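Everything on this sheet refers to the single structure shown next.
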Amino acid sequence: MTPVSDLQEEGKSAINSPMSPALVGVHPEDALLEENEERTMIDPTSREDPKFKELVKALLDWINDVLAEERIVVRQLEEDLYDGQVLQKLLEKLADRKLNVAEVTQSEIGQKQKLQTVLEAVHDLLRPHGWALRWNVDAIHGKNLVAILHLLVSLAMHFRAPIRLPEHVSVQVVVVRKREGLLHSSHISEELTTTTEMMMGRFERDAFDTLFDHAPDKLNVVKKSLITFVNKHLNKLNLEVTELETQFADGVYLVLLMGLLEGYFVPLHNFYLTPDSFDQKVHNVSFAFELMLDGGLKKPKARPEDVVNLDLKSTLRVLYNLFTKYKDVE
């Protein structure tokens, strides 16, 4: 073929190609879209974002942790979760209930029926709490990673997963739609996480929210009062607190403080005196929370993980609860 006819062929195929010229990075299967059908995918640059990778890893580790006894290992969210099998096991484990679904389904119809049942169970759990349900059967079965991540973030928050999800993770999503035989693409930004506090559904603001937002000077007064209160008791063990943010994060001082306030010795085998891992610190703070419940206090609004992660507001809430109940204890 001569270079001229080469060029003509190229020109012809460019004219006949059902592609919009502005389209970049489109999957071959997008050319198979029906008229007005659309497909979404995460922009490749967003996939490389460190916070996005951190979110995916945190959710993967959590799922594998929950399903460890089932001998299920999830390596890729969209490939391993789309057929409903793993989602079923995850929900059964988290909610501690059996779902009435066929165990293994190979057909697409069977998979979608299973997904429908699993997602209905999820919706029954989440809907009363005002979650926006940003996924559906077709999106999950179509391996739409954005929908899968929305679902997992909601489950992690609802079941208070012992993980720290990165805040304010957004991704650029490419939306490809076929119109009049041509593919057109647009970009939209999709927010996957906001702040932990908002995602936990703690919309009922309290005095600490107001202090943090509007009265930093008063916040310092509160911190000083709490430091004086805890040291009055911890000094009996020759311990001293100067930094509320950090010194309660491993749970040791919290456990010892509860023993001092309630007047008992906490056996050392019940907690880690020198915790060296995140899990050991969470164990300590959780144990301190149990001692608080035993002492007649309400369940703390904070999660143990928040205290371990140096979340000052959470730590102050816990200590303020103790202060209001025990401030007159000598």
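Any read-out appearing in this document is the output of simple, stated calculations on the displayed coordinates, not a laboratory observation. Predicted, not measured: the structure shown is a model, and the values here were computed from it. Using ideal geometry, Cβ is built from the backbone for each residue, glycine included, and neighbour counts are taken over all protein chains shown.
Listed values, structure above:
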{"item": "Cα centre as origin, Lys/Arg/Asp/Glu Cβ charges: segment 259-330 dipole, Debye", "result": "340"}
{"item": "Neighbour cut-off at most 12 other Cβ (10 Å), DSSP loop, chymotrypsin sites (Phe, Trp or Tyr not before Pro), segment 241-274", "result": "TYR264, PHE265"}
{"item": "FRET efficiency, ASN231 to PHE159 (Cβ-Cβ, R0 51 Å, nearest 0.05)", "result": "0.90"}
{"item": "Loop-located GluC sites (Glu not before Pro) in segment 95-150, at most 11 other Cβ atoms within 10 Å (DSSP)", "result": "GLU103"}
{"item": "Sorted largest first, extent of segment 82-132 alpha carbons per principal axis (Å)", "result": "34, 22, 16"}
{"item": "Using θ = phi - 60° and Karplus 6.51 cos²θ - 1.76 cosθ + 1.60, couplings along segment 39-49 (whole Hz; Gly, Pro as x)", "result": "9, 10, 8, 6, 4, x, 5, 5, 4, 8, 5"}
{"item": "Charged-residue dipole, Cβ positions (Lys, Arg, Asp, Glu), segment 60-136 about Cα centre, Debye nearest 20", "result": "240"}
{"item": "Integer Hz, Karplus 6.51/-1.76/1.60 couplings in order for segment 262-270, x for Gly and Pro", "result": "8, x, 9, 8, 8, x, 5, 6, 7"}
{"item": "Prolate/oblate/rounded label for segment 70-197 (Cα gyration tensor, a/c 1.5)", "result": "oblate"}
{"item": "Full-stretch length increase - THR194, SER277 - with 0.36 nm per residue and alpha-carbon distance subtracted", "result": "27.2 nm"}
{"item": "D (Stokes-Einstein, µm²/s), Kirkwood Cα radius, segment 31-139, 0.692 mPa s at 37 °C", "result": "207"}
{"item": "Lys, Arg +1 and Asp, Glu -1 on Cβ, resulting dipole of segment 38-196 about Cα centre, debye, nearest 20", "result": "140"}
{"item": "Cβ-defined net charge surrounding LYS281, 11 Å radius [Lys, Arg +1; Asp, Glu -1]", "result": "-4"}
{"item": "Karplus 3J(HN,Hα) series, Hz, for segment 324-330 with 6.51 cos²θ - 1.76 cosθ + 1.60 (x for Gly, Pro)", "result": "5, 7, 10, 4, 9, 6, 8"}
